[in-house]
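Here is the structure we will look at, set down as structure tokens.
The values are calculated or read from the model by the stated rules, or taken from the named source; none is laboratory data. What you see is a predicted model; the values in this text were computed from it and never measured. Cβ sites come from the backbone with ideal geometry, for glycine too, and all protein chains shown count toward neighbours.
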Amino acid sequence: MKICVSSVGDTLDSEIDDEFGMCEYFIIIDPDTMKYEAILNEASHSPTGTGHQTAQAVVDMGVNVVLTGFVGHHGLHILQSAGIEVITGFEGTVGEAVERYKTRFMAQDKR
């Protein structure tokens, strides 16, 4: 499984970026090992279509879940159409978000 978290920085201690389409980085994490890769969001400085471009980039990365503060409807449609689970409303650090996801959602799946 791969989780993508929108982030303002390139580590697990970075704060979540509350705007998915405009985030500076994607942190791609394996929740089992917590190994991660930070990827610069090249679409974040595009004058138009950032949500669409960002969502397509994440789809191309093969992630299963996106954790973020907010996703616009264009980006949300693209992600969900690709079968990616999108969970909004996250705050705090990237690492904290993944731990909350594991506790709330992954634990439910194991019941």
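Values computed for the structure shown
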{"read-out": "Qualifying residues in the range 3-32 (those that are without any contact (Cβ under 8 Å) to a residue 40 or more places away in the chain and assigned to a strand (DSSP E or B)) - the one nearest to Val63 (Cα to Cα)", "value": "Ile28"}
{"read-out": "Matching residues, the range 26-52, being out of contact with any helix residue (DSSP H, G or I) (no Cβ under 7 Å at 6 or more places or on another chain), within 19 Å of Tyr101 (Cα to Cα) and not hydrophobic (A, V, I, L, M, F, W, C)", "value": "Asp30, Asp32, Thr33, Lys35, Tyr36, Glu37"}
{"read-out": "Test: residue in the range 9-22 that is at pLDDT 95 or above, touching an Asp or Glu at 6+ places or on another chain (Cβ under 8 Å) and hydrophobic (A, V, I, L, M, F, W, C)", "value": "yes"}
{"read-out": "Condition check for Gly83: touching an Asp or Glu at 6+ places or on another chain (Cβ under 7 Å), at pLDDT 95 or above and either surrounded by 15 or more Cβ atoms within 10 Å (Cβ to Cβ) or over 16 Å from Ser7 (Cα atoms) (or both)", "value": "no"}
{"read-out": "Residue in the range 94-110 that is nearest to the chain's Cα centre (by Cα), counting only those that are surrounded by 20 or more Cβ atoms within 10 Å (Cβ to Cβ) and farther than 12 Å from Ser6 by Cβ", "value": "Val98"}
{"read-out": "Among (1) closer than 16 Å to Met1 by Cα; (2) surrounded by 15 or more Cβ atoms within 10 Å (Cβ to Cβ); (3) at pLDDT 95 or above, the one test that Ile39 misses", "value": "(1)"}
{"read-out": "Any chance Thr88 is hydroxyl-bearing (Ser, Thr, Tyr), surrounded by fewer than 17 Cβ atoms within 10 Å (Cβ to Cβ) and modelled with pLDDT of 95 or more", "value": "yes"}
{"read-out": "Residue within the range 51-67 that is touching a residue at least 40 places away in the same chain (Cβ under 8 Å), surrounded by 18 or more Cβ atoms within 10 Å (Cβ to Cβ), part of a strand (DSSP E or B) and not β-branched (Val, Ile, Thr) present", "value": "yes"}
{"read-out": "Enumeration of residues in the range 78-91 that are out of contact with any helix residue (DSSP H, G or I) (no Cβ under 8 Å at 6 or more places or on another chain) and assigned to a helix (DSSP H, G or I)", "value": "Gln80, Ser81"}
{"read-out": "Residues of the range 92-111 satisfying the condition of being in a loop (DSSP other than H, G, I, E, B) and either modelled with pLDDT of 95 or more or in contact with a strand residue (DSSP E or B) (Cβ under 6 Å, 6 or more places away or on another chain) (or both)", "value": "Gly92"}
